[in-house]
Structures are given as C-alpha cells and as structure tokens.
Amino acid sequence: MSTQNISNEPVITSYALAPSRTVTAGGVTYAYRELGPKGGIPVVFFVHLAGTLDNWDPRIIDPIAENRHVITFDNRGVGASSGDVPDTVEAMADDAYVFITALGYDRIDVFAFSLGGMVAQALVVRHPELVRKLVLTGTGPKGGKGIDKVAGTTYWDMLRATVTRSDPKEFLFFNRNAAGKPAARAFVGRLTERTVDRDAKISVKAFQTQLKAIKNWGRGTPDDLSTITRPALIANGDNDRMVPSNLSEDIHRRIKGSELIIYPDSGHGGIFQYHEQFAPVAVEFLGR
C-alpha cells in the first residue's frame, strides 16, 4: 500500500485544480497530478500519443476522483518529465512501473487510453501483481492489425487540422459528421478548463519516438492476454480510425471475463463523446 500519509488537507476533486507534483526515480523526474481522497488503491491514468497532463477530459476524471485517489502522470521524456521517450511500449511500461513504485504503491487500478492502453497491457503482462483492475479504451493489442498505420493517419489528420486551424484531435478522435463535430469542439474546449500551472507540450522528437514505439508494437509478436486474470473494462467508438475498433473486440475475446462497450457513431474518442454515459460505467466498474 501507499507510504503516503492521509493528510487533513481539503480533498480536491476537480482536475482543473489538481496540484502538479514531481517525484524522481531511476534518474528521471516524473511530473504528475493527483486528486480525490487519499487512501486505498489509486487509479493511475495512462495518457494517449502526444498527450500530457493537460490532455485528460475532466468529465471522465472528476467523477472517478469523487471517491477515488486519482493520479495522472507524464512518462519519461513527455511534457514536464525529464529524460528521453523510449522507442518501445515495453520500455514505457518499465518507466511507468518505476514511477508507480517510487510513489510507494504496490497495487493500482489502471485507466488507459490509446497508446496508454498499450503501455498498460505491457505493464500488466510484466507485473501482473501490480494491477487490480484495468480500463482499456481506444486501444489495441500487440501485433494488432493496422496499428502500424497510426503514423500515416496521424500526420494526415494533423495536416487537415492545420488547413482548417483546428486541433488535430478533432479529426483524430471524432467523426467529421453532425454528431462528431460538436462533440469534438466540446472536448477540446474542456481541455482548456485548467488555466494555471499547465504542462509543457510534448516535443516533436518525443512525439516521433512515440510513433515509432506504436509501429514496433503493431508489428510485434502478440502477447498472451489470456494470462490477464484481472477484471477488465474495454471501450471504444465503432469507427476508430487510429486504432481499429475491431481490435477492442479482439482484446475482449482474449481477456477472459472482460466487459466491452462499443459506442455508436463515434471514433477513437468515443468515451469522450459519450462521457455522460461512460463516466458512471467506469466509476461503477472501478468501485466494485
């Protein structure tokens, strides 16, 4: 369990107000934020490609933080964390393990999205005793068909976003239709609710190395996910252009007893488009 003391400080349950902290381990200084009541097993959030502390949707985090200790972090070389991004997902998982154990935890719940979901899978395969519950969203398994095409999709959507002066996530995470466009604008707007102490943006080099790691993951030899015996909740939109939606179904088939939600008329960011429906499901699953 945690070595941290439960303090008498008022409990912060708004991600926009969560204090930024650092911890140094293995020569790396990791930036992280925490909120929610201390004590018990924390929920550690693993962020997406190019994502930093500022890329979590408060409509997902805040409901979970009402009753759970939530930790978000920048892995090595990302945002305000020091060091260089590794070019394999497995090395990212090793760094995450160093960070989590440096905080004094030997048991966590995981909430992961996209690249974060790949890191989370590698973590639970390497350290099954660490993870109690697993939420995997918008992600795919090692060796998953089409994952190695993420770079091409990403660069194309970044170009489209530049031309229209939009945030690339509006193209990458959402359908460009009547349902997707307003959901995209609302999501991007929510990411600006925090106005103070914002995180450093990811560097171009770090972003490119993450893309290389994703390509290596997509072309790697599949892990035996049947060894994962932890409760798992898997979710995605039905039209994920970044990590094909059928890969969520693939993970669901391979992790015995896992639960699967596929949201209609939505893309990679389906859980953000359907946050009003998804957040209570995640809260219930993590609280069981």
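The values are calculated or read from the model by the stated rules, or taken from the named source; none is laboratory data. Keep in mind it's a predicted model, so treat the numbers as computed, not measured. Counting neighbours? That spans all protein chains shown, and the Cβs are built from the backbone with ideal geometry, glycine included.
Among the residues of segment 253-285, count how many are surrounded by fewer than 21 Cβ atoms within 10 Å (Cβ to Cβ) and in a helix (DSSP H, G or I).
Number satisfying all stated conditions: 10.
Can you list residue pairs whose Cβ atoms sit under 6 Å apart, with the first residue in segment 157-185 being within 19 Å of Gly237 (Cβ to Cβ) and the second being in a helix (DSSP H, G or I) and of a type in the set (Lys, Arg)? Count only pairs 6 or more apart in sequence or on different chains.
Short answer, once both residue conditions are applied: Phe171/Arg160.
For segment 120-142, which residues satisfy the criterion of being more than 18 Å from Val23 (Cβ to Cβ) and assigned to a helix (DSSP H, G or I)?
Of everything in segment 120-142, those that are more than 18 Å from Val23 (Cβ to Cβ) and assigned to a helix (DSSP H, G or I) turn out to be Ala120, Gln121, Ala122, Val124, Val125, Arg126.
Which residue out of Asp240, Asp167 is buried (at least 20 other Cβ atoms within 10 Å of the Cβ), within 19 Å of the chain's Cα centre (by Cα) and modelled with pLDDT of 95 or more?
None of the others qualify; the one that does is Asp240.
Filter segment 226-243 down to the residues that are out of contact with any strand residue (DSSP E or B) (no Cβ under 9 Å at 6 or more places or on another chain) and either not hydroxyl-bearing (Ser, Thr, Tyr) or not in a helix (DSSP H, G or I) (or both), then identify the one that is nearest to Gly257 (Cα to Cα).
Thr229
I need a count of the residues in segment 145-167 that are among the polar types (S, T, N, Q) and within 20 Å of Ser114 (Cα to Cα).
So the count comes out to 2.
Out of the residues in segment 214-237 that are surrounded by fewer than 22 Cβ atoms within 10 Å (Cβ to Cβ) and among the small types (Gly, Ala, Ser), which is farthest from Gly116 (Cα to Cα)?
Ser226
Please verify whether segment 94-107 includes one or more residues that are closer than 28 Å to Arg241 by Cβ, among the β-branched types (Val, Ile, Thr) and under 18 Å from the mean Cα position of the chain (by Cα).
no
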